[in-house]
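Just below is one structure, and these are the notes that go with it.
The values are calculated or read from the model by the stated rules, or taken from the named source; none is laboratory data. Bear in mind the structure is a predicted one, so any value in this text is a computation, not a measurement. We place every Cβ from the backbone using ideal geometry, glycine too, and count neighbours over all the protein chains shown. We work out accessible area using only protein heavy atoms, side chains counted, and drop any ligands, DNA or RNA first. Shrake-Rupley method; radii C 1.70, N 1.55, O 1.52, S 1.80 Å.
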Amino acid sequence: MAIVCLTSASGSPGVTTTAVGMAFSWPRPVLLVEADPTGGSGVLAGFLRGTTPYDAGLIELALSPLGTADALRDVVRPLSPNVSLVAGIRSHAQAAALRDIWEPLAAALRELDDNGQDVIVDAGRLGLMGSPTPLLDAADAALLVTRATLPAISAARSWAETVRQPATGWRHPCLLLIAEGQPYRATEISKVLGMPVVADLPDDPAAAAVYHRGAAPPKHFETGPYIRALEATVQSVQAHIARGRFALVEEARP
């Protein structure tokens, strides 16, 4: 159905945590791609608590003599029956080697989408060397993740102006808020940044820690507000993608 990218303008609003949580709440088979160029797998070290060794990931994909679609199959590892992972680079020094992989990877991920597997990309922070800009540009939903504080909104503002440009920006830019209403509301943030708010997640450190660092789930985790919010986020993102695709069809009509 879709390629969904999550990224941030500054700080640590919870991009990786949200990407992992969304993947495990996704209703169809989904591939989680760690495309953060800062190095070090947040999934292997965090969610899996370092219990699973690194064996292959983006750098092996970039250096493979095979075509990207064929090489991609060799670096995918299962996390659950429904979720698979392509691990990120091990060091920021490897980021330069990713420069030429993003466009062919975007095409390979689109083929997965066509075959019934969705993709969630953790794109890390914007503006870094080796950032996966072509993945963000090609995504069916590119989510700028931000908290609802003034420093976070200020940092996101200049990037919002860039990514919503029709000629050079993202195809379907939108916002995902963490701790909406603390203190600013979604309507206020959307107006300032000029982008729709597609979903919001509560600031729930205990529940988020399950996906952030593999912590033991708190009581009633599976039926609690954080999981309900993740499920609502997935539904909202899917609806956003459906609207975008419908609009493209309408624009193409004679």
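A few comments on the model shown:
- Taken residue by residue, the stretch 201-211 has no member that is in contact with a strand residue (DSSP E or B) (Cβ under 6 Å, 6 or more places away or on another chain), under 19 Å from residue 4 (Cβ atoms), touching a residue at least 40 places away in the same chain (Cβ under 8 Å) and open to solvent by 60 Å² or more (accessible area, probe 1.4 Å).
- Breaking point among (1) in contact with a strand residue (DSSP E or B) (Cβ under 7 Å, 6 or more places away or on another chain); (2) touching a residue at least 60 places away in the same chain (Cβ under 8 Å), for residue 49: (1)
- Among residues of the stretch 141-165 that are open to solvent by less than 70 Å² (accessible area, probe 1.4 Å), those with a Cβ under 9 angstrom from a residue that is in a helix (DSSP H, G or I) and of a type in the set (S, T, N, Q), sequence gap 6+ or separate chain, pair up as 141/238; 143/18; 145/18.
- Scanning the stretch 60-76 for residues that are of a type outside the set (Gly, Ala, Ser), surrounded by 15 or more Cβ atoms within 10 Å (Cβ to Cβ) and in contact (Cβ under 8 Å) with a residue 24 or more places away in the chain yields a count of 4.
Results for (1) within 24 Å of residue 92 (Cβ to Cβ); (2) modelled with pLDDT of 95 or more; (3) over 15 Å from the mean Cα position of the chain (by Cα); (4) assigned to a loop (DSSP other than H, G, I, E, B), shown as yes or no for each residue.
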| residue | (1), (2), (3), (4) |
| --- | --- |
| 111 | no, no, yes, no |
| 137 | yes, no, no, no |
| 142 | yes, yes, no, no |
| 159 | yes, no, yes, no |
| 169 | no, no, yes, yes |
| 181 | no, yes, yes, yes |
| 191 | no, yes, yes, no |
| 198 | no, yes, no, no |
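- One residue stands out among those in the stretch 92-135 that are open to solvent by less than 50 Å² (accessible area, probe 1.4 Å) and of a type in the set (D, E, K, R): the one that is farthest from residue 47 (Cα to Cα), which is 113.
- Entry remark, the stretch 5-25: residues being in a loop (DSSP other than H, G, I, E, B) and touching a helix residue (DSSP H, G or I) at 6+ places or on another chain (Cβ under 6 Å) number 2 in total.
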